[in-house]
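Chemist: Below you will find the structure I want to go over with you.
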Amino acid sequence: MAYRSAFYVYDQEKPVPVVIRNYTVSDIAELIAIQAECFPPPFPSELWWNEQQLKGHIALFPEGALCVEVGGELAGSLTGLRVDFNPAHPAHKWEEITDNGYIRNHNPLGNTLYIVDISVRPKHRKLGLGKHMMQAMYGVVIQLGLDRLLGGGRMPGYHKAAAELTPEQYVSEVIRGERRDPVLSFLLRCGRTPVSLVADYLDDEESLHYALLMEWRNPFKGMEENAVWTIEE
């Protein structure tokens, strides 16, 4: 089912028209340009979207291919696929669970909507577009009757603290509000909750290759209570 939501956000005191919709083949060139803006070096450029990947997203799981426009300009995207996730065995690598971003392993019967990537142009980040796209994807989870939305959150601030903190300690400080991480703090604001710390998740020097799995549970599903994140200090 096609997704389209039109509303306003505020740029300081000025309302700005915004549309969240499914992205299409005509958006591909601009989506790749957005990736280059969002993930400059040292992030590996080979991990930016390519045309074949984006065409696959549109063909295999259009419900999980969302983008946002600001005043008619493409400003960001959020991409997911369905997987069958077992919370008892959370460890995995980004390249495995997303098929290196091609999502050819998309499972139409999977119980979880897995976030492959979220990107918002730097000049538009003050508008809260990432949070709006994430909330739109929560709606997809509910519409499809899935258990959860899940994804690995990068920890790009960790390399600055690695000499004094283990990754577990770093995550704990972010969750307690003692430290801010550009990605983890954003995901917490979006309503995501921690599941598990994963080593060697992605080729990501800033995060020292770690990621924090974070989920959003479908509130209409009768699942067990969310686990409380506990970390050794």
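Chemist: With the structure loaded, tell me whether residue 40 is more than 25 Å from residue 113 (Cα to Cα), surrounded by fewer than 17 Cβ atoms within 10 Å (Cβ to Cβ) and modelled with pLDDT of 95 or more or whether it fails that test.
Modeler: no
Chemist: Among the residues of the range 46-60, count how many are in a helix (DSSP H, G or I), among the hydrophobic types (A, V, I, L, M, F, W, C), out of contact with any Lys or Arg (no Cβ under 8 Å at 6 or more places or on another chain) and in contact (Cβ under 8 Å) with a residue 12 or more places away in the chain.
Modeler: Counting residues in the range 46-60 that are in a helix (DSSP H, G or I), among the hydrophobic types (A, V, I, L, M, F, W, C), out of contact with any Lys or Arg (no Cβ under 8 Å at 6 or more places or on another chain) and in contact (Cβ under 8 Å) with a residue 12 or more places away in the chain gives 3.
Chemist: Suppose we keep only residues that are more than 18 Å from residue 216 (Cβ to Cβ) and of a type in the set (Val, Ile, Thr) within the range 63-97. Which one would you say is surrounded by the most Cβ atoms within 10 Å (Cβ to Cβ)?
Modeler: 68
Chemist: Looking at (1) assigned to a strand (DSSP E or B); (2) of a type in the set (A, V, I, L, M); (3) free of Cβ contacts under 8 Å to residues at least 60 places away in the same chain, can you tell me which one residue 103 breaks?
Modeler: All conditions pass for residue 103, except number (1).
Chemist: With the structure loaded, tell me whether residue 205 is farther than 19 Å from residue 94 by Cα and surrounded by fewer than 19 Cβ atoms within 10 Å (Cβ to Cβ) or whether it fails that test.
Modeler: Criteria not met by residue 205.
Chemist: Regarding the range 196-210, can at least one residue be identified that is part of a strand (DSSP E or B), free of Cβ contacts under 8 Å to residues at least 60 places away in the same chain and under 21 Å from residue 112 (Cα atoms)?
Modeler: yes
Chemist: Also, I was wondering about something else. Would a scan of the range 205-214 turn up a residue that is at pLDDT below 95 and not small (Gly, Ala, Ser)?
Modeler: Yes, that holds for at least one residue.
Chemist: Taking the stated definitions as given, is residue 178 in contact (Cβ under 8 Å) with a residue 40 or more places away in the chain and of a type outside the set (Val, Ile, Thr)?
Modeler: The answer is no for residue 178.
Chemist: Going through the range 61-86 one residue at a time, which ones are modelled with pLDDT under 95 and either in a helix (DSSP H, G or I) or in contact with a strand residue (DSSP E or B) (Cβ under 7 Å, 6 or more places away or on another chain) (or both)?
Modeler: Across the range 61-86, the qualifying residue is only 71.
Chemist: Name the pairs whose Cβ atoms lie under 7 Å apart, with the first residue in the range 64-81 and closer than 12 Å to residue 22 by Cα and free of Cβ contacts under 8 Å to residues at least 40 places away in the same chain, the second assigned to a strand (DSSP E or B) and among the β-branched types (Val, Ile, Thr), and 6 or more positions between them or separate chains?
Modeler: 79/116
Chemist: Now, a different point. Can you tell me which residue in the range 120-146 is nearest to the chain's Cα centre (by Cα), limited to those that are crowded, with 17+ Cβ neighbours inside 10 Å and more than 20 Å from residue 3 (Cα to Cα)?
Modeler: 121
Chemist: Same structure again: Please name all residue pairs, on different chains or six or more residues apart, with Cβ atoms under 8 Å, provided the first residue is in the range 18-29 and is in a helix (DSSP H, G or I) and the second residue is acidic (Asp, Glu).
Modeler: Going by the 8 Å Cβ cut-off, the qualifying pairs are 28/51.
The values are calculated or read from the model by the stated rules, or taken from the named source; none is laboratory data. Keep in mind the model is a prediction, meaning the values are calculated, not measured. All Cβ positions, even for glycine, are placed from backbone atoms using ideal geometry, and neighbour counts span all protein chains on display.
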